[in-house]
Amino acid sequence: MGNKPSDAEKSDGTAKEDGTATNVREMLDYLEGQVMRGREMGVDFSEVESMITGARIIIESGEVSDAADIINECMQRASARYSEYESLVAGIRRAEMEIQKAHQSGQNVTEAGTKLRIARALMDKGDYRSAGETARQAVESLCGPKQQEVSWGSGLSDNETA
């Protein structure tokens, strides 16, 4: 009471930030650093970045526990997104090696090369699922269409006449 600041206020009259809010801000700063490093590598974190912006706004409004929940969700999504990116990069590298081997053996790799360029463009746009599928198709185009397998006991035989 009176002019003495309460325990919840600093001497300048502003409210003190409790330990939870400080921890949440530190988590958010850490997450932003991880996202920035991933973005520099080429990972598309646009969804996570939007969530981070929302978490900052929520922290400023004082809803620290809600912000902590959002940050935890962001961390999970960022981790999953980074894993998708790493998997895609590995798949594209494998496709590049297969196409290079096919080219060196004299095989026509035009279709595969085109599909691989499309896969890279999809990756750059952040569509990792389609990029992975297109990279897989690039490799499959080297093998040609799959032969239909005939299993024993299928009823087909060389001796049957139509």
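Results, tabulated for the structure shown:
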quantity: Given (1) more than 28 Å from residue 135 (Cα to Cα); (2) in contact with a helix residue (DSSP H, G or I) (Cβ under 9 Å, 6 or more places away or on another chain); (3) surrounded by 12 or more Cβ atoms within 10 Å (Cβ to Cβ), index of the condition residue 62 fails; calculated: (3)
quantity: Some residue of the range 8-20 being surrounded by fewer than 17 Cβ atoms within 10 Å (Cβ to Cβ), part of a helix (DSSP H, G or I) and either among the small types (Gly, Ala, Ser) or modelled with pLDDT under 95 (or both); calculated: yes
quantity: Those residues of the range 115-137 which are part of a helix (DSSP H, G or I) and either farther than 24 Å from residue 41 by Cα or of a type in the set (Asp, Glu) (or both), in sequence order; calculated: 124, 133, 137
quantity: Candidate set: the range 38-93, residues that are assigned to a helix (DSSP H, G or I) and among the aromatic types (Phe, Trp, Tyr); chosen: the one farthest from residue 115 (Cα to Cα); calculated: 82
quantity: Identity of the residue in the range 39-59, more than 20 Å from residue 125 (Cα to Cα) and in contact (Cβ under 8 Å) with a residue 12 or more places away in the chain, that ends up surrounded by the fewest Cβ atoms within 10 Å (Cβ to Cβ); calculated: 54
quantity: Hey, residue 71 at pLDDT 90 or above, surrounded by 12 or more Cβ atoms within 10 Å (Cβ to Cβ) and touching an Asp or Glu at 6+ places or on another chain (Cβ under 8 Å) or not; calculated: no
quantity: Subset of the range 60-88 [touching a residue at least 40 places away in the same chain (Cβ under 8 Å) and among the β-branched types (Val, Ile, Thr)]; calculated: 64, 71
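The values are calculated or read from the model by the stated rules, or taken from the named source; none is laboratory data. Fair warning: this is a prediction, and the values are worked out from it, not measured in the lab. Cβ: placed from backbone, ideal geometry, glycine included. Neighbour counts: every protein chain shown.
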